[in-house]
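Presented below is the structure to which this report refers.
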Amino acid sequence: MDEPEGPDRRRDELARNLAAVRERIDAACAAAGRERDSVSLVAVTKTVPASDVATLLDLGVTDLGENRAQEAGTKAGEVAGLRPDASPRWYFVGGLQRNKVRLVLPWVTRVESVDSPRLARALDRAASAAVEDGSRDGPLPVLLQYSVDGDLERGGVSDEGLAELADLVAGLPGLRLDGLMAVAPLGSESDRAFAAIAGAAGRLRAAHPGATEVSAGMSGDLETAVGHGSTVVRVGTALVGDRRITSR
Ligand SMILES: *Cc1c(COP(=O)(O)O)cnc(C)c1O
């Protein structure tokens, strides 16, 4: 038989990638002495079309990550059309401008990139209005994005700002503070970065016991992340490939 072409071939590729990522998470949990169900996988689908997302849902993925408000809203609509029975959970993991908040509210399950009082207040206003008009059941779950190295260009709140932002968010009726998100710098500093993330997550949890989620770890570093206590890994490239690179 010939190699399957087109959609079948892509489906096989995604299935293989997904199996490999799940094996990596299994192994990382085993190595860290953690229960497998203490770590969830968010498939970051920002680089791929709705058809790939639909295939991932067919393969058992339930949690999806996106980082651009407008594109993601369009894609979420397309995916709902392709798989009306699937009801995936969508996580917003990118920089979010206040004027884009209303674009994500209708489809987002959790915003993981809250890094300023202004953004928090804008999300609170939008979520509260949605609760009021009956389009939402309850407060919007959010994570605070923590900047590991204090390089605020890439988004995130530094150590100094974290406690204050957490207290603010915890007091906003439209939001529910679920934990911390971070993007670790790659490379040799990775272990130290995840230790710093774990430290910040611990301080957050001490002040806000409900803030238990730690979303950290990507294609290149998920093992280190799981070793340091991440509860969510956000994996893009290892699952869907990298369209900009034809072979690796
Ligand atoms: C793209 C992205 C990921 C996934 O990164 P990969 O290295 O492709 O796995 C995770 N988190 C955020 C915030 C991203 O933007």
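The values are calculated or read from the model by the stated rules, or taken from the named source; none is laboratory data. Since the structure is predicted, the reported quantities are computational estimates derived from the model, not experimental observations. Positions of Cβ are generated from backbone atoms using ideal geometry, with glycine treated the same way; all protein chains shown enter the neighbour counts. These accessible areas exclude ligands, DNA and RNA; they are computed on the full protein's heavy atoms, side chains included. Shrake-Rupley method; radii C 1.70, N 1.55, O 1.52, S 1.80 Å.
Quick notes on this structure:
- Sum of side-chain charges, Ser128 neighbourhood, beta-carbon under 11 Å (Lys, Arg +1; Asp, Glu -1): 0
- Cβ-defined net charge surrounding Ala216, 11 Å radius [Lys, Arg +1; Asp, Glu -1]: -2
- Put a plus charge on the Cβ of each Lys and Arg, a minus charge on the Cβ of each Asp and Glu, and nothing anywhere else: the dipole of segment 1-57 about its Cα centre is then about 320 debye.
- Positive-end ranking of Thr45, Ala201, Leu143 along the dipole of the chain, with charges on Cβ about the Cα centre, is headed by Leu143.
- Length gained when the stretch Glu78-Arg16 is fully extended (0.36 nm per residue, less Cα-Cα span): 19.9 nm
- Sequence-distant contacts, meaning Cα pairs under 8 Å at least 6 residues apart, place the relative contact order of segment 7-240 at 20 percent.
- Whole-percent carbon and sulfur share, accessible surface of segment 121-248, 1.4 Å: 50 percent
- Computed accessible area, Arg125, all protein chains, 1.4 angstrom probe, square angstrom: 150 Å²
- Only Lys, Arg (+1) and Asp, Glu (-1) charged, at Cβ; segment 7-240 dipole about Cα centre in debye: 400 debye
- Solvent-accessible area per residue, Å², over segment 7-240 with all protein chains present [probe radius 1.4 Å]: 46 Å²
- Cα-based Rg of the chain normalised by 2.2 N^0.38 Å, two decimals: 1.01
- Mean-square fluctuations from a GNM of the chain, with a 10 angstrom spring cutoff on Cα atoms, peak among Gly187, Gly65, Gly138 at Gly187.
- Dipole size of segment 92-142 about its Cα centre, with +1 on Lys/Arg Cβ and -1 on Asp/Glu Cβ: approximately 220 debye, rounded to the nearest 20.
- Annotation: amide H-H contacts under 5 Å for Ser113 (H modelled 1.01 Å from N, sequence separation of 5 or more, or interchain): Leu143.
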